[in-house]
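The values are calculated or read from the model by the stated rules, or taken from the named source; none is laboratory data. All figures in this text were calculated on a predicted structure; none of them were measured in a lab. Cβ: placed from backbone, ideal geometry, glycine included. Neighbour counts: every protein chain shown.
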Amino acid sequence: MGLVNGGQKGLTMLELMTAIGVSSIISVGIMMTLYQVVTGSARTGAQMTAVKQVEYAGYWVSSDAQMAQDITYDDPETPGVTEFLTLSWTDWENVEHTVHYTLDEETGELLRDDGVGQIRVAQFLDVDPEMTSCDFADTNGDNFGDTLIFKVTAVVGNSLPETREYRIVPRPLY
C-alpha cells in the first residue's frame, strides 16, 4: 500500500481547494433556492390576503346593495375619511335600514356601520378614487343609473394589486 500513494498521508493543497470550491458552489445554489422559496411563499401569502380583502368588500357591499331601495355615494368635508356609500331600504315588516360605508384614507380600511355597530369589512385597500370607487351605470337604456358599479383594489405589502369590479342591480321599487 505504501507504494501506491507514495508515502503520502493526507490531501494535497490542490485537492483541498477543489473540494472547498465544489462545496461552496453547491451551498450557494441551495441558499439561493431556499431564498426563492421563502420570498415566493411570502409574496403568495400577501397576494392571497389581497384577494380575500377584495372578496370581503365585494360580498358586503353586494349583499347590502341588492336590498337597497336608495343608494347614495358622496365625499363629505371630513378630512381623511370618505363617506363612501350609503344604502337604505325598508324590509317586509316596514323596518327601515340604513348602512353607511366609510373608507378610511389613512388605514385603507372599509368600515360598515348599520346603526347597531361598526365592523371592518376589508383592509389594505387602495384609497385612490381610480382604484376604489362607486358609480352608477345605465344598463337598460332608460337614462337612469340602475346598476351600482363597485370597483375595489387591495394591495398587501409589495404584492401585485388585486382589483375587482362588482356590478350590482338593487331590488326594484314597488
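For residues that are at pLDDT 85 or above and among the charged types (D, E, K, R), scanning just region 43-94, find the one that is farthest from C134 (Cα to Cα).
E93
Do we find a residue being closer than 30 Å to P161 by Cα and modelled with pLDDT of 80 or more anywhere in region 17-26?
no
Within region 144-163, restricting attention to residues that are under 15 Å from the mean Cα position of the chain (by Cα) and assigned to a loop (DSSP other than H, G, I, E, B), which residue is surrounded by the fewest Cβ atoms within 10 Å (Cβ to Cβ)?
Per the stated criteria, the residue is N158.
Return the pair list, or none, for Cβ contacts closer than 6 Å from residues in region 108-131 that are free of Cβ contacts under 8 Å to residues at least 12 places away in the same chain to residues that are part of a strand (DSSP E or B) and surrounded by 17 or more Cβ atoms within 10 Å (Cβ to Cβ), at least 6 apart or on different chains.
As it stands, the answer is L111/T102; Q118/L111; I119/R112; R120/E109; R120/L111, since those pairs meet every condition given.
Name the residues in region 118-133 that are within 13 Å of Q53 (Cβ to Cβ) and either assigned to a strand (DSSP E or B) or basic (K, R) (or both), would you?
R120, V121, A122, L125
Return yes when F136 is at pLDDT below 90, assigned to a strand (DSSP E or B) and closer than 30 Å to R43 by Cβ and no when it is not. Show your work before the answer.
Numbers: at pLDDT below 90: yes; assigned to a strand (DSSP E or B): yes; closer than 30 Å to R43 by Cβ: no.
No, not satisfied.
Among the residues of region 15-68, how many are of a type in the set (A, V, I, L, M) and within 30 Å of F84 (Cβ to Cβ)?
Final tally of qualifying residues: 10.
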